[in-house]
Amino acid sequence: MGMQTDSLVLSGLYAITPDGLSTETLLKLSEQVLLGGARVLQYRNKQANPLIQAEQAHALRLLTQQYGALFIVNDNPLLAALCKADGVHLGKEDGAIAEARKVFPSGLIGVSCYNSVERAKQALLEGADHIALGAMAASLTKPGAEMAPLSLLSEVNQLGLPVIAIGGINLRNAPAILDAGAHALAVIRALFDDPHPFTAAQQFSALFERK
């Protein structure tokens, strides 16, 4: 099984970096989001070559340590291990949890479960530390993604793992998603595309304080 007691710290605003940013821009925007209260930062850059990915991941690891936030690497257990990340996040194309655990034995492993209770149950059995559900709303990042109903959050909550809601989340729909049972809100565009990412992160973070 995974490290479920440790993973309960995974809550709050979960910022995911967009593809294609220069290292300078990535670090500048990420720092604004962390200053605004993001508790988790996931590095996701499918476009960069491995050398750039390694450079950016190491820099973000240092930045998240500075702000006391968790650092997660998307879909690459080896990179997560190399940069001493706190965790790795796996989609359905990213290999098995057991394989990731061999490469990255000490880290948290999150799994995308989309809109499937069965996939969430399987992730629990295989030792996932937390799971992501979504898309919660239409998403520009993944326009073809299937929708996950709000009711799924409370249903999957009963498995006892932290649940991350993802996909199309903005300040308008976030309160209802939290009320339905999400522990964390994964946000890309509503943070990194906002002209004021610090303020956007503050506004998202404030939603957790009302609970």
| remark: For strands (runs of 3 or more DSSP E) lying entirely in the range 116-211, having 1 or more residues that are on the phi > 0 side of the Ramachandran plot, in contact with a helix residue (DSSP H, G or I) (Cβ under 7 Å, 6 or more places away or on another chain) and surrounded by fewer than 19 Cβ atoms within 10 Å (Cβ to Cβ) picks out none
| remark: Those residues of the range 53-85 which are part of a loop (DSSP other than H, G, I, E, B) and either touching an Asp or Glu at 6+ places or on another chain (Cβ under 9 Å) or among the aliphatic types (A, V, I, L, M) (or both) amount to Ala69, Asp75, Asn76, Ala85
| What is the one condition in (1) touching a helix residue (DSSP H, G or I) at 6+ places or on another chain (Cβ under 9 Å); (2) crowded, with 23+ Cβ neighbours inside 10 Å that Tyr14 does not satisfy? | (1)
| field | Among (1) of a type in the set (Gly, Ala, Ser); (2) part of a strand (DSSP E or B); (3) surrounded by fewer than 16 Cβ atoms within 10 Å (Cβ to Cβ), the one test that Ser106 misses | value | (2)
| note | Taking the range 178-195 and keeping only residues that are in contact (Cβ under 8 Å) with a residue 12 or more places away in the chain and either in contact with a Phe, Trp or Tyr (Cβ under 8 Å, 6 or more places away or on another chain) or farther than 16 Å from His130 by Cβ (or both), one is left with Leu178, Ala180, Ala184, Leu185, Ala186, Val187, Ile188, Arg189, Ala190, Leu191, Phe192, Asp193
| note | Scanning the range 126-160 for residues that are modelled with pLDDT of 95 or more and touching a Ser or Thr at 6+ places or on another chain (Cβ under 7 Å), the one nearest to Asp19 (Cα to Cα) turns out to be Ala132
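The values are calculated or read from the model by the stated rules, or taken from the named source; none is laboratory data. Since we're looking at a predicted model, the values are computed, not measured. Glycine also receives a Cβ, built like all others from the backbone with ideal geometry; neighbour counts cover every protein chain displayed.
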